[in-house]
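The values are calculated or read from the model by the stated rules, or taken from the named source; none is laboratory data. These numbers were taken from a predicted model, which means no experiment stands behind them. Here the Cβ positions follow ideal geometry from the backbone for every residue, glycine too, while neighbour counts run over all protein chains shown. Heads up: the accessible areas ignore ligands, DNA and RNA and are worked out on the full protein's heavy atoms, side chains in. Shrake-Rupley method; radii C 1.70, N 1.55, O 1.52, S 1.80 Å.
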Amino acid sequence: MASLLSGGSRALTRRCSFGSLATSSWGASWTARDASTTTTESEEASSPRPSSVQAELDRAQRRRFHFNAFYTAKSTAGARAARAQEVPAYDDDEDDRDGGGAVEGAAGSDASIDTSMETVVAGVSHSFEDRYEYRVEVHTGELRGAGTTSNVYINLVGNLHQTGRCLLRSPDEEGEDEVEEFKTGSNKTFNLLAPNLLGRISGIELSLDATEGAGEGEGEKPGASGGGGWYVEKLIVYSPTGKRLEFPCKCWFGRSDCGAWGPQRRKLIPFVQPLTERLTSFGKILPKQLSIDTGAFVAPHPDKVRKGVKAKSFKEYGHAGEDAYFKCYSKTGLVFGMGVADGVYMWSEQGIDAGEFSKALMSHAREEVAGSSSAASVTDIIKKAADNVKQDSLRGSSTLCCCLVDMVRGTAQIANLGDSGVVILGSGGVKFKTPQQEHSFGYPFQVGHQEHSDRPEDALQSVVALKAGDVVVVGTDGLFDNLSEEDAVQIAGEVRKQLEGKCAGEVARRLANELGRRAFQNSMDKWIETPYSKAATDAFDMVYSGGKKDDITIIVSVVS
């Protein structure tokens, strides 16, 4: 059951610096400093450069890069603002930092070689004219367990140069073993001062604890060790000329305590195309159209049952307590839509029935899907549904999750706002899972009548390719708080084995009932370990056990 949102989104903005920075292939050192550091040009080092480095720098100064303007450190306002402190070749205070060994003993030489890193670190500082500032903003998501204490590395890739792998770590936090460097909901700023322009930035290589995760490439499932997962909302990069590039992510790195996971290394590209166009054009037209068979399960909170509340389930919609759902085809029959909403029970203390709010939300969403074409956008569906509920002058708030299956292209568009969600089971296990979207533990994102409620545009959006045999499970937090993804995979395997040779519709109905029955059992067990008890243990630093009593709503769709 979602809790009443009492405040807006939390955001922690801090200025930090890189702890270490790899050098470019031609040997000139890269350095990164705290964003708040400012010095004067009088601190610039006057020692001569190595001839090879000086020659390369001279050639770089003669280059003219025609993007929007001629790039030089003195001709752009963005670069003039980057007053950089010169970094000496040897600093006793930085011996323990990553890469510190590369410059040890270099005080009396032009350059020193770190054979372990296979890079050459210049033994001199670069003047202000040789430096270009790239400002990077890292936005950690506001999901449960989104923060991380693991090392994070970044590589800015341009069409002329790249930075190499850079460790993101604040100077005051280096050497600490358990520092929450990237906290849930935090926005952190780093300044990268480079001796040469990168050119047009085409991508970012972002990795989590890459030294320990070697061998786990993009798309591979990381190790099972929990606690180090990180959910990245987006990165924003500002070039020396002030040009802004946004790199959307909305993905997990590594495995979190709440069970969500993703590859430890990802390549991000800048946002260039409207999201609606990406969602509706994803995938290719299949040689044979997919079909969908569904089943649904709804059950109210046990305390509500004792008060006489009953679950109601019909062909295209249903509800139980404050939960509601819908499932229907579009007017063309080429798109199948389904969704769930979980109203906030705490509104009842103010005499407001949030169940009416969630039911109206699903009713309007069903109407929008039924009247939509094959090119419908899931974002438009939930936005129009939320707007119509406001026009009805209903009070309350609710989480919201909607999924549109394009049976011609074989894709699922998903928009999730709050702690409901979607799990897609494939032949090899969990194919996709939406993370829970929370301001803090127990305070999920939600649309509502109140001024500080979240917007449908805040929903996490995804597109997943489907194929015959996949199972799409849409549910409220009553399911996902009490049943792990591993349990869901096991139950799905058992049901399929028992009903081998039966029609897909019977499999969908049986699986929905089995998932609901197991989730209800776990919610009543005080000693079992559940996703909710794990999250509560992590959030409050105390050991919790048992499930969470709640309304439970599940829609199971079998793709064939």
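Taking 51 Å as R0, compute the FRET efficiency from the Cβ-Cβ separation of His452 and Glu500 and round it to 0.05.
On the way: r = 51 Å, r/R0 = 1.00.
Efficiency for this residue pair is about 0.50.
For Lys384 and Ile285, calculate 0.36 nm times their separation in residues minus their Cα-Cα distance, and state this gained length in nm to one decimal.
Here the segment from Lys384 to Ile285 would lengthen by 32.9 nm.
At most 14 other Cβ atoms within 10 Å and a DSSP loop assignment: could you name the trypsin sites (Lys or Arg not before Pro) in segment 441-520 that fit?
Details: sites: Lys467, Arg496, Lys497, Lys502, Arg509, Arg510, Arg517, Arg518; in loops: Lys467, Lys502.
Those that pass, being in a loop and sparsely packed, are Lys467, Lys502.
Could you calculate the contour length gain from Glu349 to Asp525, that is, 0.36 nm times the residue separation minus the distance between their Cα atoms, to one decimal place in nm? Each step should come with its number before you reach the end.
Numbers: separation 176, 0.36 × 176 = 63.36 nm, distance 2.73 nm.
In short, 60.6 nm is gained.
Using the heavy atoms of the protein chains and a 1.4 angstrom probe, tell me the accessible area per residue for segment 436-560 in square angstrom. Mind showing how you got there, number by number?
Details: 5530 Å² over 125 residues.
With the other protein chains kept in place, segment 436-560 gives 44 Å² per residue.
Counting pairwise Cα distances across segment 408-482, what percent come out greater than 21 angstrom?
Details: 925 of 2775 pairs.
The proportion of pairs with Cα distances above 21 Å equals 33 percent.
What nm distance separates the two modelled labels at Glu137 and Lys310, each placed 7 Å from Cα along Cα→Cβ?
5.4 nm
Taking a cut-off of 23 Å between Cα atoms, list the lysines near Lys312, but don't count ones fewer than 8 places away on the same chain.
Output for Lys312: Lys304, Lys327, Lys359, Lys548, Lys549.
What distance in nm lies between label points placed 7 Å from Cα along the C-beta direction at Lys250 and Lys467?
2.5 nm
Provide the FRET efficiency to the nearest 0.05 for the Asp303-Ile269 pair, computing r from the beta carbons and using R0 = 45 Å.
Details: r = 49 Å, r/R0 = 1.09.
So, using R0 = 45 Å, E works out to roughly 0.35.
How would Lys359, Lys431 rank on accessible area, largest to smallest, probe 1.4 Å? Please report the intermediate quantities before stating the final value.
Details: Lys359 60, Lys431 85 Å².
Ranking Lys359, Lys431 by accessible area, largest first, yields Lys431, Lys359.
Which FRET efficiency, nearest 0.05, do Gln391 and Ser560 yield, Cβ-Cβ r, R0 56 Å? Walk me through the numbers on the way to the answer.
Values: r = 39 Å, r/R0 = 0.69.
Calculated transfer efficiency: 0.90.
Using per-residue counts of other Cβ atoms within 10 Å, averaged over each peptide, order 193-201, 335-343 from highest down. Let's see the in-between values first.
Details: 193-201: 21.2, 335-343: 29.6.
Result, highest mean first: 335-343, 193-201.
Quick one: how many Å² of Trp347 are accessible to a 1.4 Å probe, rounded to 10?
20 Å²
What percentage of the solvent-accessible surface of segment 355-421, computed with a 1.4 Å probe over protein heavy atoms, is contributed by carbon and sulfur atoms? Before the final figure, lay out the partial values.
Numbers: 810 of 1970 Å².
Ligands and nucleic acids excluded, carbon and sulfur give 41 percent.
What is the percent carbon and sulfur in the accessible area of segment 431-517, measuring with a 1.4 Å probe over the protein chains and ignoring ligands? Could you put the intermediate results ahead of the total?
On the way: 1710 of 3560 Å².
Ligands and nucleic acids excluded, carbon and sulfur give 48 percent.
Excluding Lys327 itself, calculate the net charge of residues whose Cβ lies under 10 Å from the Cβ of Lys327, where each Lys or Arg counts +1 and each Asp or Glu counts -1.
Values: positive: Lys315, Arg366; negative: Glu316.
Summing Lys and Arg as +1 and Asp and Glu as -1 gives +1.
Which of the pairs Lys250/Lys307; Lys390/Lys431; Lys234/Lys534; Lys183/Lys431; Lys384/Lys526; Lys183/Lys267 have their Cα atoms more than 30 Å apart in this structure? Don't jump to the answer; show the numbers that get you there.
Details: Lys250/Lys307 41 Å; Lys390/Lys431 35 Å; Lys234/Lys534 26 Å; Lys183/Lys431 27 Å; Lys384/Lys526 41 Å; Lys183/Lys267 22 Å.
Listed pairs above 30 Å: Lys250/Lys307; Lys390/Lys431; Lys384/Lys526.
Provide the per residue accessible area, probe 1.4 Å, for segment 318-388, rounded to a whole number of square angstrom.
Values: 2350 Å² over 71 residues.
Accessible area per residue, segment 318-388: 33 Å².
What's the ranking of 528-535, 488-495, 442-449, 243-250 by average number of surrounding C-beta atoms within 10 Å, highest first? Let's see the in-between values first.
Details: 528-535: 21.0, 488-495: 17.9, 442-449: 23.2, 243-250: 16.0.
Descending packing order for the listed peptides: 442-449, 528-535, 488-495, 243-250.
Give, as ranges by residue number, the residues of segment 490-532 whose backbone N falls under 12 Å from the point 7 Å along Cα→Cβ of Asp293.
496, 499-511
When the chain is fully extended, how far beyond the present Cα-Cα distance does Lys183 get from Asn513, taking 0.36 nm per residue of separation? Please list the in-between numbers first.
Values: separation 330, 0.36 × 330 = 118.80 nm, distance 3.82 nm.
Once the chain is fully extended between Lys183 and Asn513, it gains 115.0 nm.
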